[in-house]
Amino acid sequence: MKTKKLYYNDAYISEFDAKVLSCEESSGKFTVTLDATAFFPEEGGQYADRGNINGIEVMDVKGKDGIIYHILPSPLTLGESVHGVIEFSERYEKMQCHTGEHIVSGIVRQRLGLNNVGFHLGYDDVTIDYDGVISDEMLHEIELEANYAIYKNIDIKCEFPSDDVLKELDYRSKLELTENIRIITIDGYDVCACCAPHVRRTGEVGIIKLLDKIRYKGGVRIHMLCGKRALDDYGVRYSATKSISNLLSVKQSDVVMGVERLMLEADALKTQLSVLKKCILDDKISSLKKTTDDIVIFEETLDMGYMREFINRAVNFTSGIAAAFIKKDVDTYTYIMGSKTIDLKLLSAKLRDELGARGGGNAEMINGSVSKTKKEILDFLNKK
């Protein structure tokens, strides 16, 4: 027995009563069928409605051959009357998004002759795939026209036309349908076969925002937000822009200019810092003197690149090892060591065994990291 789909008659239904026709257990979950349901299944490119039946969470909803299957964590009694409740706020967001997609895809078909070959309505946004390329300028025009369709507040018709009417009807469809074809009509914009719930009038979509696009399988994939989701997204972006404008002490309309100025300043500071670090390195190198002792320095200013250059010079001033330990965190150092007289591969093994160091290298140079205090490191080197 096929399930009566209550959302076909009323997409705004949020509660309903029905009778349990079957309840089967599998892997600790229960698959329940009812004689009627307002739960829209995972179908038509969008995820299933959420809610509960007799207070039991509906974990998922599937549809096959006209039957709707509700997945529950606990069973219902065969033949009992039950009460279902839809999470309607989420359902309504999906209705806004799905109707928005119809408006956009109808305009794309009219203007460019492109087909919608993929549609996914997720928890965060909507993606629409078209079988051709759309320029940035055209995408902007499509967005404007789609929002004009919203302003017009056009009635949306959801109906099952007779076979004779269908034969004469020019409508969009991603699937080869043969019976019980449900047609969604937005006069002047779109006629499309669709099984999903829709809003009654285009004005309820609120707003359509086409976020971006990427090339995809020879065509284009567009990311879109509609209605409440678009409003929520605007709120997040506005809050971020406001915070950035406050940090930069510029108007919100000037944040890009402010960031560009900050990047130029940062580049100038990096250049100055590089010059200063080179001066520090040159000073350290110029202070080197010939010695039979190890040359060991602990550094907090210069990074590994500078210290490598220091070690390359320092090995010429000692018959022992030249070592630089660069502080990363409290009692954590990265290190680089060099020598022209000592096999450092053996020292590297001792570092791993005795200090738990990580790293490697060759006989003349090793590098890595070690989490020990300065005293522990010096004690190790003194007795190596």
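The values are calculated or read from the model by the stated rules, or taken from the named source; none is laboratory data. Computed from a predicted structure; not experimentally measured. No Cβ is skipped: glycine too gets one built from the backbone with ideal geometry, and neighbour counts run over all protein chains shown. To get the accessible areas, we keep the full protein, side chains included, count just its heavy atoms, and leave off ligands, DNA and RNA. Shrake-Rupley method; radii C 1.70, N 1.55, O 1.52, S 1.80 Å.
Between Leu21 and Leu248, what is the label-to-label distance in nm when each label sits 7 Å out along the Cα-to-Cβ direction?
So the two model labels end up 6.0 nm from each other.
Carbon and sulfur together cover what percent of the accessible area of the stretch 164-274 at a 1.4 Å probe radius? Present the calculation step by step, with values, prior to reporting the outcome.
Details: 4020 of 7150 Å².
Roughly 56 percent of what the probe reaches on the stretch 164-274 is carbon or sulfur.
Percent of accessible area on the stretch 6-138 owned by carbon and sulfur, 1.4 Å probe? Working shown, then result.
Values: 2610 of 5700 Å².
The nonpolar share, carbon plus sulfur, comes to 46 percent.
Counting other Cβ atoms within 10 Å of each Cβ, which GluC sites (Glu not before Pro) in the stretch 267-373 have at most 13 and sit in a DSSP loop? Don't skip to the answer; put the middle values down first.
Numbers: sites: Glu299, Glu300, Glu309, Glu354, Glu364; in loops: Glu300, Glu364.
Listed in order of number, the matching sites are Glu300.
With θ set to phi - 60° and the Karplus curve 6.51 cos²θ - 1.76 cosθ + 1.60, what are the ³J(HN,Hα) couplings of the stretch 188-194 in order, to the nearest whole Hz, using x for Gly and Pro?
Working through the residues one at a time gives x, 10, 7, 9, 8, 6, 7 Hz.
Zone of Tyr216 (label point 7 Å along Cα→Cβ, backbone N under 14 Å): which residues in the stretch 79-118?
101, 105, 115-118
Looking at the square roots a ≥ b ≥ c of the eigenvalues of the Cα gyration tensor of the stretch 114-158, which shape do they give, rounded for a/c under 1.5, prolate if a/b is larger than b/c, or oblate?
Values: a/c = 1.74, a/b = 1.18, b/c = 1.47.
Because a/c hits 1.5 or more and a/b fails to exceed b/c, the stretch 114-158 counts as oblate.
Compare the Cα positions of Ala36, Val259, Met1 along the charge dipole of the chain (+1 at Cβ of Lys, Arg; -1 at Cβ of Asp, Glu; about the Cα centre) and return the one farthest towards the positive end.
Of Ala36, Val259, Met1, it is Val259.
Tell me which of Ser371, Gly320, Gly84 sits at the most positive position along the dipole axis of the chain, charges placed on C-beta atoms (Lys, Arg +1; Asp, Glu -1).
Gly320
Treat every Asp and Glu Cβ in the chain as -1 and every Lys and Arg Cβ as +1, leave all other atoms uncharged, and give the resulting dipole magnitude about the Cα centre to the nearest 20 debye.
Details: 51 positive and 60 negative charges, 414 e Å.
The calculation lands at about 1980 debye.
Describe numerically, in nm with one decimal, the distance between label points set 7 Å from Cα along Cα→Cβ at Lys2 and at Tyr123.
Reported label-point gap for Lys2 and Tyr123 is 3.3 nm.
Apply the a/c threshold of 1.5 to the C-alpha gyration tensor of the stretch 273-384 and tell me whether it is rounded, prolate or oblate.
Details: a/c = 1.76, a/b = 1.22, b/c = 1.44.
Cα axes put the stretch 273-384 in the oblate bin.
Compute, for the stretch 1-86, the length of the dipole vector about the Cα centre, with Cβ point charges of +1 (Lys, Arg) and -1 (Asp, Glu) only. Units Debye, rounded to 20. Could you put the intermediate results ahead of the total?
Values: 8 positive and 13 negative charges, 30 e Å.
Approximately 140 debye in magnitude.
Work out the FRET efficiency for His83 and Arg237 from their Cβ-Cβ distance, taking R0 = 45 Å, and round it to the nearest 0.05. Please report the intermediate quantities before stating the final value.
Details: r = 40 Å, r/R0 = 0.90.
E between His83 and Arg237, to the nearest 0.05, is 0.65.
According to the square roots a ≥ b ≥ c of the eigenvalues of the Cα gyration tensor, what is the shape class of the stretch 44-182, taking rounded for a/c under 1.5, prolate for a/b larger than b/c otherwise, and oblate for the remainder?
prolate
Going by Cα centres, the stretch 1-24 and the stretch 264-340 are how many Å apart?
If you average the Cα positions of each part, the centres end up 74 Å apart.
Given R₀ = 22 Å, FRET efficiency for Lys157-Ser14 by Cβ-Cβ distance, to 0.05?
On the way: r = 22 Å, r/R0 = 1.01.
Efficiency, rounded to the nearest 0.05: 0.50.
Output the Kirkwood hydrodynamic radius of the chain, Cα pairs only, in Å rounded to one decimal.
Values: mean 1/r = 0.0368 Å⁻¹.
Evaluated over the chain, this radius sits at 27.1 Å.
DSSP loop (so not H, G, I, E, B), at most 14 other Cβ within 10 Å: list which chymotrypsin sites (Phe, Trp or Tyr not before Pro) in the stretch 54-128 pass both filters.
Details: sites: Tyr69, Phe88, Tyr92, Phe119, Tyr123; in loops: Tyr123.
Sites meeting the loop and neighbour criteria: Tyr123.
Given the rule -39500 (n - 2.57) for each run of at least 4 DSSP H residues, summed and divided by the residues of the chain, what is its mean residue ellipticity at 222 nm, to the nearest 500 deg cm²/dmol? Walk me through the intermediate numbers first.
Numbers: 9 runs with 138 residues, N = 384.
So the calculated ellipticity at 222 nm is -12000 deg cm²/dmol.
Just the accessible area per residue of the chain, please: how many Å² with a 1.4 Å probe? Display every interim value, and only then the final one.
Numbers: 20910 Å² over 384 residues.
That works out to 54 Å² for each residue.
Once you have the Cα-Cα distance between Lys345 and Leu276, take 0.36 nm times their residue separation minus that, and quote the gain in nm to one decimal. Don't jump to the answer; show the numbers that get you there.
Values: separation 69, 0.36 × 69 = 24.84 nm, distance 3.38 nm.
So the chain would gain 21.5 nm between Lys345 and Leu276.
Go through the stretch 145-188 and name the GluC sites (Glu not before Pro) that are in a DSSP coil and have 14 or fewer other Cβ atoms within 10 Å of their Cβ. Intermediate values should be presented prior to the final figure.
Values: sites: Glu145, Glu159, Glu168, Glu176, Glu179; in loops: Glu176, Glu179.
In loop regions of the stretch 145-188 (DSSP not H, G, I, E or B), the sparsely surrounded GluC sites (Glu not before Pro) are Glu176, Glu179.
Which whole-number percent gives the relative contact order of the chain, counting Cα pairs below 8 Å spaced six or more residues apart?
Details: 695 pairs, mean separation 37.6, N = 384.
That works out to 10 percent.
So how strong a dipole does the stretch 294-351 carry about its Cα centre when Lys and Arg Cβ are +1 and Asp and Glu Cβ are -1, to the nearest 20 debye? Don't skip to the answer; put the middle values down first.
Details: 7 positive and 8 negative charges, 53 e Å.
So the magnitude is around 260 debye.
Taking the Cα centre of the chain as the origin and placing charges on Cβ (Lys, Arg +1; Asp, Glu -1), which of Phe160, Val104, Leu231 is farthest toward the positive end of the dipole?
Going by the charge dipole, the pick is Leu231.
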